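The values are calculated or read from the model by the stated rules, or taken from the named source; none is laboratory data. None of the values given here were measured: they were computed from a predicted structure. Note: ideal-geometry Cβ built from the backbone for every residue, glycine included; neighbour counts use all protein chains shown. Ligands, DNA and RNA are stripped out before the accessible areas are found, and what is left, the full protein with its side chains, is counted by its heavy atoms. Shrake-Rupley method; radii C 1.70, N 1.55, O 1.52, S 1.80 Å.
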Amino acid sequence: MEKKIVFFDIDGTLLDFNKELPESTRAAVKTLKENGVYVAIATGRAPFMIEEIRKELDIDSYVCFNGQYVVFEDEIIYRNPLSKNKLHNLLEHTKEKQVPVVLMNEYGARTTVPYSKHIEDSLRSFKLKHPEFDAEYHHHNDIFQSLLYCSEQEEKEYIQEHTDLKFIRWHPICMDVVPFGGSKAIGINEFIKRAQFQLENVYAFGDGLNDIEMLQTVGTGIAMGNAEKELLKHADVVTTAVDEDGIYNGLLKVGLI
C-alpha cells in the first residue's frame, strides 16, 4: 500500500475561530496517524508560532511562511528568504508612507516602527505580543515573510510597484509578503520530493486565499466549510466548518479514517 500524507493549514482549519483545537480534530488526527497516514502542517505562520500545536499533535514536519521554509522530520530541507534588495525597496516605500511592517524569520519577529495598534490588534489573534522594534533587523537576518499593514484600497499601489514580490491578504489591514512565485504549493512540492510521496497520495486542508495553489496542486484538495468563497472553486472536496467537526468529516469523506 502506497504511503499517504495530509497537510493541514492551522488558522480556521486545525484551530477554530477562538484559536482552540476542537476535540474532534485532535481525535481525527490521532486516528489518521494510527491508520499509517503521515501528517504535516502547511501554514502562513512562522515556525516559532506553531510550536504549541505541533507539540499537542506530535507533528515534526511542516511548511511555514506560505512555503518559504520547509522542515521534514525536524530537518530543514528548503529555505527561500526574501531578496534583501527587493525587501529594501519595499521598506523604503513603506517608510515614505509611514506604513508599519513586521519582519519575520524562523526565530522571531521585529517591527519597523516602535509601536502600531494595527500590529498589536492583528497579532493578538495569534496570542502574540507586539514584537520589538528593530528597523535594521533585515540587514543581519534572513527574512522569509513580512507583514505589510495597509487597507485593501491601498494595496494596489504596492502590488503595482513591487511586481517582484507576492502579496497575500489575510486580514482587513494586513498582507503577507513573500518572494514572487512563493506559495504553500512550492513548499509542499519540495517536501514530497524529499519524502518521496506520489502527488496523487497527497491531501491538503485549507480555508484561506493562501491555500489556493496548495489545493490546486495536491492530489486531493479539501476546503473547510468556513473557507473563503474563492478557495471553494479550487477544492476537490468541501467539508463542514472548523467548528462543525470539519477535519473529522473531511477525513471521513475522503476515506482516510
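Could you say whether any residue in the range 138-153 is at pLDDT below 95, acidic (Asp, Glu) and open to solvent by 10 Å² or more (accessible area, probe 1.4 Å)?
yes
I'd like the full set of residues that are in contact with a Lys or Arg (Cβ under 6 Å, 6 or more places away or on another chain) and surrounded by fewer than 22 Cβ atoms within 10 Å (Cβ to Cβ), limited to the range 57-85.
The answer is PHE72, ILE77.
Pick out the one residue from VAL70, VAL37 that is β-branched (Val, Ile, Thr), modelled with pLDDT of 95 or more and under 25 Å from LEU209 (Cα atoms).
One residue alone meets the criteria, VAL70.
Quick check: is even one residue across the range 32-41 surrounded by fewer than 22 Cβ atoms within 10 Å (Cβ to Cβ), free of Cβ contacts under 8 Å to residues at least 60 places away in the same chain, of a type in the set (Val, Ile, Thr) and more than 19 Å from ARG194 (Cβ to Cβ)?
no
Out of the range 186-200, which residues are hydrophobic (A, V, I, L, M, F, W, C) and buried (at least 24 other Cβ atoms within 10 Å of the Cβ)?
ILE188, PHE191
Could you look through the range 42-56, keep only residues that are touching a residue at least 40 places away in the same chain (Cβ under 8 Å) and either farther than 18 Å from PHE205 by Cα or of a type outside the set (Val, Ile, Thr) (or both), and pick out the one that is surrounded by the most Cβ atoms within 10 Å (Cβ to Cβ)?
ALA42
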